[in-house]
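Before any comments, here is the structure.
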Amino acid sequence: MKKISIAIDGYSSTGKSTMAKVLARRLGYGYIDTGAMYRAVTLYALRHGFINAGAIDENALLSALDDINITFAASQDGHNEAYLNGENVEGLIRGMEVSDNVSAVAAVGGVRRHLVKLQQAMGHEGGVVMDGRDIGTVVLPHAELKVFVTASAEVRAQRRFDELRDKGDTDVTFEQVLANVTERDRIDTTRAESPLVRADDALLLDNSEMTRDEQNEWLLNAAMRAING
Ligand code: DC
């Protein structure tokens, strides 16, 4: 069967990574979480003192980019995990400190150009599902299948709120989570470098009213049509 490239972009908290992983497993394709790469660079920058009170020393960070080696490897239970210079950082890059600073790091043009080159090298042979914000527009503009995932801000905030509650965070209110989702949408869609936009040829998936199984089926059908078409 022909091996294609699949680009999955969209807003935060739409569940697109989960969906992308399921699709990659079903097709026997590689999966690349480009958000994890921006997060790993952010962790490196924090550790080396390149970010102070939210301000980034861009020159120091850009000079260090060649020393930042990011790889992925499967864990024993088959999950794809991120490594920074050989260290498994999968847990650390999901923490609050990285989450609070990653949007600013992802807005630095030199960081984006560096990571886009690496992502293009990872995707050039096809047989890959890549998820992020600029995959269909910048990283893999010739991907045979592009999907843009969205859901209403209220639905995404509710999902994130439920996740936080499940993790034991009882301090946060729904209104705070909704404000955070709306603010991240604003930053993602208005930044100067590669803002989040739907590629003209991307299929739109609004999953506000869909179950996980329904989304997975929708995506597999779209992939099979692209592979056979
Ligand atoms: O998908 P995520 O939450 O792990 O992404 C982390 C951050 O990186 C988020 O601020 C969006 C940004 N990002 C990006 O700008 N481009 C990508 N291809 C992937 C993520």
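The values are calculated or read from the model by the stated rules, or taken from the named source; none is laboratory data. Predicted model only: the values in this text are computed from it and were never measured. Positions of Cβ are backbone-derived with ideal geometry, glycine not excepted, and every protein chain shown enters the neighbour counts. With ligands, DNA and RNA removed, areas are computed over all heavy atoms of the protein, side chains included. Shrake-Rupley method; radii C 1.70, N 1.55, O 1.52, S 1.80 Å.
The single condition among (1) of a type outside the set (Ser, Thr, Tyr); (2) within 13 Å of the ligand (Cβ to nearest atom); (3) open to solvent by 20 Å² or more (accessible area, probe 1.4 Å) that residue 156 does not satisfy is (3). Residues that are of a type in the set (A, V, I, L, M, F, W, C), open to solvent by 30 Å² or more (accessible area, probe 1.4 Å) and assigned to a loop (DSSP other than H, G, I, E, B) within the stretch 177-226 comprise 192, 197, 210, listed in sequence order.
Selection of helices (runs of 4 or more DSSP H) fully inside the stretch 27-127 by the criterion of at least 2 residues being of a type in the set (A, V, I, L, M, F, W, C) and either free of Cβ contacts under 8 Å to residues at least 12 places away in the same chain or in contact with a Phe, Trp or Tyr (Cβ under 7 Å, 6 or more places away or on another chain) (or both) returns 58-64, 96-106, 109-123. Residue 51 falls short on exactly one of the conditions (1) more than 16 Å from residue 194 (Cα to Cα); (2) under 17 Å from the mean Cα position of the chain (by Cα), and that condition is (2).
Of the residues making up the stretch 29-52, just one is open to solvent by 30 Å² or more (accessible area, probe 1.4 Å), over 16 Å from residue 123 (Cβ atoms) and of a type in the set (Gly, Ala, Ser), namely 49.
When residue 136 is tested against the conditions (1) open to solvent by less than 10 Å² (accessible area, probe 1.4 Å); (2) at pLDDT 95 or above; (3) more than 11 Å from the ligand (Cβ to nearest atom), the lone failure is (3). Could you identify the single residue in 103, 99, 63, 75 that is modelled with pLDDT of 95 or more and either open to solvent by less than 20 Å² (accessible area, probe 1.4 Å) or among the small types (Gly, Ala, Ser) (or both)? Answer to the selection: 63. Taking residues in the stretch 203-214 that are within 12 Å of residue 159 (Cβ to Cβ), and partners anywhere that are open to solvent by less than 50 Å² (accessible area, probe 1.4 Å) and not in a loop (DSSP other than H, G, I, E, B), the pairs with Cβ atoms closer than 7 Å and at least 6 places apart or on different chains are 207/149; 207/215; 208/155. Considering (1) of a type in the set (A, V, I, L, M); (2) within 13 Å of the ligand (Cβ to nearest atom); (3) over 30 Å from residue 3 (Cβ atoms), the lone condition that residue 61 does not fulfil carries the number (2). Here residue 17 meets each of (1) modelled with pLDDT of 95 or more; (2) closer than 23 Å to residue 138 by Cα; (3) within 16 Å of the ligand (Cβ to nearest atom) with one exception, condition (1).
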